[in-house]
Amino acid sequence: MDISTKYEAAKIENKHYKYWLDKGFFHSKPDKREPYVNVIPPPNVTGVLHMGHMLNNTIQDILVRRARMLGKNAVWVPGTDHASIATEAKVVAKLKDEGIDKNKLSREEFLKHAWDWKEKHGGIILEQLKKLGASCDWERTCFTMDEIRSESVIEVFIDLYNKGLVYRGVRMVNWDPDAKTAVSDEEVVHTEENSKLYHVKYQIAGEKDFVTIATTRPETILGDTALCVNPNDKRYKHLKDKKAIVPMVNREVPIIFDDYVDMEFGTGCLKVTPAHDINDYEIGLRHNLESIDIFNDNGTLNENARIFVGEDRFKARESAVKLLEKENLLIKAEDYMNKVGRSERTNSVIEPKLSLQWFLKMSEMAKPAVKAIETGEINIIPTKFKNVYKHWMENVRDWCISRQLWWGHRIPAYYLPDSNEFVVADNIDKAVELARKKTNNKNISAKDLRQDEDVLDTWFSSWLWPISVFDGIRNPDNPEFKYYYPTNDLITAPEILFFWVARMIMAGYEFAGEKPFSNVYLHGIVRDVKRRKMSKSLGNSPEPIELIEKFGADGVRVGMLLCSPAGGDLLYDDSLPEQGRNFANKIWNAFRLINTWEIDDKIEQPEHSETVIKWFDAKFNDALIQLNQQFDSFRLSEALMTVYRLFWDDFASWYLEIIKPEYQKPIDRKTYNSTLDFFKNMIKILHPFMPFISEELWQFLKNDNDSESIMIAEWTKPKTEFDKKIIREFDNCKEVVANIRTIRKEKNIPQKNKIELKIISHGDYYKNLDSIIIKFTNLSGIEFTDSKPDFSAGFMVKTHEYFVPVGDLINKDEEIKKLEQELKYTQGFLDSVTKKLSNEKFVSNAPPKVIEAERKKQSDAEEKIRILKEQIKGIC
C-alpha cells in the first residue's frame with residue numbers, strides 16, 4: 001500500500017469530512033432501528049468557537065459516532081441561539097461605528113440590520129465545528145428564531161397564558177442598565193468585590209438626636225422612605241411612632257419596626273429603599289411604604305432623586321459622599337468586602353428595580369421535574385449535582401420572561417385603545433377578534449391595537465429545544481417527533497443546569513408529557529494550569545482553530561479529553577493536544593511498520609507469535625468490556641485512556657515488537673493476517689475519539705466484506721469467553737523481561753549476546769510465555785534449577801526466583817556492595833513494619849484490611865532478605 005511517511009492531518013481531515021458529507025453519513029431519517037438522539041446546546045449566534053465549545057462538542061461527537069457504530073439510527077441536531085442581549089449589543093455597536101443611532105431607527109429598520117448581521121456572522125461557529133469533526137446532521141440545522149421555532153415559542157406563550165401561568169405585574173427585577181433590560185435571577189453572577197461601608201447620621205425629626213445607618217450605596221439614600229429596626233431591640237424602643245429626616249433631601253420618613261432586621265448586623269438600624277432593594281421592597285409591601293424610583297433605565301438619576309439628576313449612579317455615589325461630608329453627616333467610611341451582582345451578558349452591576357414585566361409561574365411546573373430526578377427517570381452525571389438541582393427547583397421563583405429589547409420573539413399581547421388591558425393572540429387578526437369580544441365593540445380594527453414592545457427571554461425559546469427541533473410543539477403527531485423524542489443524552493456545563501437544563505425538563509413534561517432526555521452529562525470548565533477560567537482578557541485562551549491547524553483535529557480532541565473527568569475542570573496547556581498529536585503519529589507509524597513487512601506464505605508461524613496473538617486477543621476483549629462499561633457510565637476520559645494504553649503500551653510496545661520479523665526477513669501469513677485484524681478492531685474503537693486518522697487507515701485496511709466507511713462499521717463485540725489467565729501471566733512476563741533488561745544494562749551485557757535464564761519455581765509456573773521471554777530478551781534457553789547458580793544476578797517475580805548467570809562479567813566487590821545496601825534498606829523497612837505490628841493500639845484500631853496489608857509487607861520483606869543473603873553468599 002502506498003502510504004506517506006508522515007501523517008498529514010489537514011489534508012486528511014478536509015478530504016474525509018467532505019467524503020462524509022457527500023455520502024450523507026451524518027443524516028438520519030426515521031426507520032426501524034433504535035434511535036440515538038442528541039441535540040446540540042445551541043451556541044449564541046454571536047459566538048465563535050472557544051475551548052468550552054471544543055470540549056462540549058468533542059464529547060457529543062464521541063457519543064454519536066459510537067452510537068452509529070452500535071447500529072443505532074444516530075442523529076445529532078445542530079443549531080444556534082438568537083441570544084437577544086448579546087446580538088442586540090453587537091448590532092447596536094456596529095450601527096454606532098457606522099454613525100447610526102438605534103434610537104433614531106424604527107423597530108423594523110433595526111431588525112433589518114439585525115437579520116443582515118445574523119446572516120453574515122451567524123453561521124461562523126457551526127463552520128468551525130466542522131473543522132473539529134462534528135458529525136452533526138447539518139440538513140437539520142435550526143435557529144431559535146426561524147419559522148418553526150418562532151411559531152412554537154408564541155404558541156407556548158399563549159398556551160401558558162390561557163392556563164393562567166403567564167401574568168403581567170410590577171415586581172422587583174434584576175435590571176441591566178447597559179442592556180436596558182430585565183434579566184432573570186440565573187443570569188446574575190454574584191462576586192465578592194472590594195467596596196466601602198458608609199456610616200451615615202439620620203436626624204430624628206424634631207430632636208437633636210441621630211441614629212446611624214450603615215450602607216454601601218449612599219446614592220440610594222435619595223429613595224429612602226423609612227428607617228427600620230427590630231421590635232425586640234431595646235436600643236431603639238424610644239423611637240416608636242417617631243420619624244427621621246432623610247439626609248441630603250431632608251424628607252421626613254417613618255421609623256418602623258420589623259423582625260427582618262438583624263440586631264447584630266451593623267448598627268441594627270436599616271434604611272428602607274423599596275424601589276431599589278428586594279428585601280426593602282418586601283418590607284415596603286408589609287408596611288405600605290411609598291416607593292421612590294430614582295433611576296432611569298440607563299442607570300442615571302432621574303427627577304425623583306431631586307439632586308444629582310442626570311448623573312450616572314456611580315458618579316452620584318461620589319457626589320453623595322461629598323455632600324454628606326459637607327453636611328457633617330458622614331461618620332466614617334470603611335473598607336468592606338461586598339457581594340455584588342453582575343449581569344452575565346454585559347458584566348454591568350445589576351440594579352434592583354421595580355418594573356412592569358411578564359412572569360411565568362414556576363412552582364407547579366417544577367414538581368414533575370424534581371420527581372424525574374428523584375426517581376432516576378432522568379440521570380444527572382456526576383450525581384453530586386442532583387442535590388444542587390433539587391435545592392434550586394424546590395426554591396424556584398417565578399421567571400421574569402420579558403426583555404426590553406427588539407431582537408427576539410415579540411410578546412404576542414395587544415393592548416386595547418387607551419387602556420392597559422390586553423388580549424393575547426398569535427396574529428393581529430385574532431387579536432382584533434378577541435378585542436371585539438372583550439369590549440363588545442365591533443368597530444375595533446387592527447390600527448386601534450398596540451402590540452407589547454418587549455421580547456421574550458432568550459431561554460424561553462431554548463427551553464423548548466429538544467421538542468421544537470422536531471416540530472413537536474406545532475405538530476406533536478408528526479412521525480419525526482414520535483420517533484426521535486425523547487432524546488438520549490444532553491451534554492452541557494453545570495453553570496446552565498438551572499436556566500437551561502431544568503427548564504427543558506419542565507417544558508418536556510408540560511408540553512410533551514414526558515422527559516426531554518434520559519441523561520444529563522455535566523462536564524467541567526476548561527481552565528489554565530493556574531486554575532483560572534479561560535478568557536481573552538487574561539490572554540490564557542488559545543484560538544481553537546489555530547490549535548487544530550497546529551496539532552490536528554484528532555490531536556486536539558484527544559488533548560481535550562485526556563484529563564477531563566465528568567464534572568471536573570480540565571486544566572489545559574498545549575502539552576495535551578501535543579500528546580494527542582504524538583498519539584496520532586504513533587498510530588500512523590505503527591501501520592507504516594506493518595505495511596513494510598514482506599509476507600511469505602511458506603514459512604510456519606513462530607511459537608512466540610502464536611502465543612502473543614492469544615494474549616492480545618484476550619487483552620483486547622478484556623479492554624473492550626472495560627471500555628463499554630466506561631462509555632455506559634460516561635467515564636469518557638477513562639475510556640480514552642483505556643484505548644490509548646491498549647494501543648500504545650500493549651499493541652505497539654509489546655505485540656508488534658514480539659511479532660516483528662528480523663531485519664530484512666519476511667513474516668508468516670497467519671501472523672500478518674491476525675495483526676491486520678487486530679489493527680482494524682483497534683481503529684474501530686479509536687474512531688469515536690479520533691475520526692480522521694481512523695477513517696484514513698480504514699480506507700487502507702478494508703476489504704470487500706467491510707463497510708464503505710469506518711463511520712458505519714459495526715462496533716466490535718467482545719467475546720463472552722477468553723483466556724483471562726494469559727492476561728495475568730503476561731503481566732508477570734513483562735516484569736521478567738524488564739528485570740532481565742535491567743540486568744543487561746547494569747552488567748553492560750549487549751542485547752546481541754545471548755544469556756541463560758535459570759528459575760527456581762515455588763508453585764505453579766506458567767510455561768506458555770517462555771517463547772516470548774526468549775525472543776524479547778535474546779536468551780539461549782530457560783532451565784529450572786533447585787538452587788541458586790554461582791555468580792548470577794537474580795530477581796523475584798511473584799513466588800518464582802529468576803537468575804541470569806553472569807560469571808566473570810561482573811565486578812564481585814561492586815555487586816556485593818550493591819546487594820548489601822539493598823539488604824540494609826530492606827531490613828530497615830522490615831523493622832518499621834514489625835514495630836507497627838507490635839503496637840497494640842495500632843492492631844486494635846486499624847481495619848482488618850490494613851493489618852492484613854502490613855503483614856503481607858512483613859512476609860514479603862522477610863522473603864526478600866532471605867534471597868538477598870543467599871545472593872551475597874553465592875557471590876562470596
### Sole exception among (1) modelled with pLDDT of 95 or more; (2) crowded, with 24+ Cβ neighbours inside 10 Å for A413, by number
(2)
#### Entry: Output for the range 579-614, where each listed residue is surrounded by 15 or more Cβ atoms within 10 Å (Cβ to Cβ) and of a type in the set (D, E, K, R)
R581, K586, R592, E610, K614
### Task
Would you point out the residue of the range 487-531, among those that are acidic (D, E) and not in a helix (DSSP H, G or I), that is farthest from the chain's Cα centre (by Cα)?
E514
### Message
Any residue that is part of a helix (DSSP H, G or I), of a type in the set (S, T, N, Q) and open to solvent by 50 Å² or more (accessible area, probe 1.4 Å) - is there at least one of those in the range 443-451?
### Response
no
### Summary
Filtering the range 1-19 down to residues that are crowded, with 19+ Cβ neighbours inside 10 Å and either of a type outside the set (G, A, S) or under 17 Å from the mean Cα position of the chain (by Cα) (or both) yields Y7, I12, E13, H16, Y17
### Summary
Those residues of the range 137-173 which are within 27 Å of the chain's Cα centre (by Cα), within 19 Å of R503 (Cα to Cα) and in a strand (DSSP E or B) amount to F143
### Query
Which one is most open to solvent (accessible area, probe 1.4 Å), of the residues in the range 278-294 that are part of a loop (DSSP other than H, G, I, E, B) and within 17 Å of I256 (Cα to Cα)?
N288
## Note on the structure
Checked against (1) outside any loop (DSSP other than H, G, I, E, B); (2) closer than 30 Å to K390 by Cβ, G559 satisfies every condition except (2)
### Summary
Within the range 232-247, the count of residues that are open to solvent by 20 Å² or more (accessible area, probe 1.4 Å) and either within 12 Å of Q203 (Cα to Cα) or among the hydroxyl-bearing types (S, T, Y) (or both) comes to 4
### Message
Suppose we keep only residues that are within 15 Å of G266 (Cβ to Cβ) and charged (D, E, K, R) within the range 196-210. Which one would you say is least open to solvent (accessible area, probe 1.4 Å)?
### Response
K201
### Message
Any residue in the range 518-534 that is open to solvent by less than 30 Å² (accessible area, probe 1.4 Å) and among the aromatic types (F, W, Y) sitting within a Cβ distance under 7 Å of a residue that is modelled with pLDDT under 85 and part of a loop (DSSP other than H, G, I, E, B)? List the pairs, counting only those 6 or more apart or interchain.
### Response
Y521/A566
## Note on the structure
E252 passes all but one of the listed conditions (1) open to solvent by 30 Å² or more (accessible area, probe 1.4 Å); (2) touching a helix residue (DSSP H, G or I) at 6+ places or on another chain (Cβ under 8 Å); the exception is number (2)
### Query
Which of the residues belonging to the range 736-776 are loosely packed, with under 15 Cβ neighbours inside 10 Å and part of a helix (DSSP H, G or I)?
A738, R741, T742, K745, E746, K767
### Message
Would you confirm, using the coordinates I've provided, whether K120 is over 23 Å from L456 (Cβ atoms) and either free of Cβ contacts under 8 Å to residues at least 24 places away in the same chain or aliphatic (A, V, I, L, M) (or both)?
### Response
yes
### Message
I'd like to verify a number: residues in the range 679-700 that are over 30 Å from the mean Cα position of the chain (by Cα) and open to solvent by 20 Å² or more (accessible area, probe 1.4 Å), how many?
### Response
3
#### Entry: Condition met for V309 (crowded, with 17+ Cβ neighbours inside 10 Å, among the aliphatic types (A, V, I, L, M) and modelled with pLDDT of 95 or more)
no
### Summary
Among the residues of the range 66-94, the number that are in a helix (DSSP H, G or I) and either in contact with a Pro (Cβ under 8 Å, 6 or more places away or on another chain) or at pLDDT below 95 (or both) is 13
### Query
Of the residues that make up the range 453-467, is at least one touching a residue at least 24 places away in the same chain (Cβ under 8 Å), over 22 Å from R345 (Cβ atoms) and either open to solvent by 20 Å² or more (accessible area, probe 1.4 Å) or in contact with a strand residue (DSSP E or B) (Cβ under 7 Å, 6 or more places away or on another chain) (or both)?
yes
### D297 vs. criteria open to solvent by 70 Å² or more (accessible area, probe 1.4 Å), over 42 Å from the mean Cα position of the chain (by Cα) and modelled with pLDDT under 95
no
### Task
Write out, first by first residue and then by second, each pair whose Cβ atoms fall under 7 Å of each other, whose residues are 6+ apart or on separate chains, and whose first residue, in the range 738-757, is in contact (Cβ under 8 Å) with a residue 60 or more places away in the chain while the second is open to solvent by 50 Å² or more (accessible area, probe 1.4 Å).
K747/L809; I749/L809
### Query
Can you pull out the residues in the range 118-149 that are farther than 22 Å from K29 by Cα and open to solvent by 30 Å² or more (accessible area, probe 1.4 Å)?
K118, E119, K120, H121, G123, I124, E127, Q128, K131
### Summary
Over the range 484-503, the set of residues of a type in the set (F, W, Y) and open to solvent by 40 Å² or more (accessible area, probe 1.4 Å) is F498
### Message
From the list P417, P412, exactly one residue is free of Cβ contacts under 8 Å to residues at least 40 places away in the same chain and in contact with an Asp or Glu (Cβ under 6 Å, 6 or more places away or on another chain). Which is it?
### Response
P417
### Query
Looking at the range 633-678, which of the residues that are farther than 16 Å from K614 by Cβ and among the acidic types (D, E) is surrounded by the fewest Cβ atoms within 10 Å (Cβ to Cβ)?
E662
### Query
So F722 fits all but one of (1) open to solvent by 40 Å² or more (accessible area, probe 1.4 Å); (2) modelled with pLDDT under 95; (3) under 43 Å from the mean Cα position of the chain (by Cα); what number is the exception?
(1)
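The values are calculated or read from the model by the stated rules, or taken from the named source; none is laboratory data. Note that the structure is a prediction, hence the values are computed from the model and not measured. Please note: Cβ atoms are built from the backbone with ideal geometry, for glycine as well, and neighbour counts cover all protein chains shown. With ligands, DNA and RNA removed, areas are computed over all heavy atoms of the protein, side chains included. Shrake-Rupley method; radii C 1.70, N 1.55, O 1.52, S 1.80 Å.
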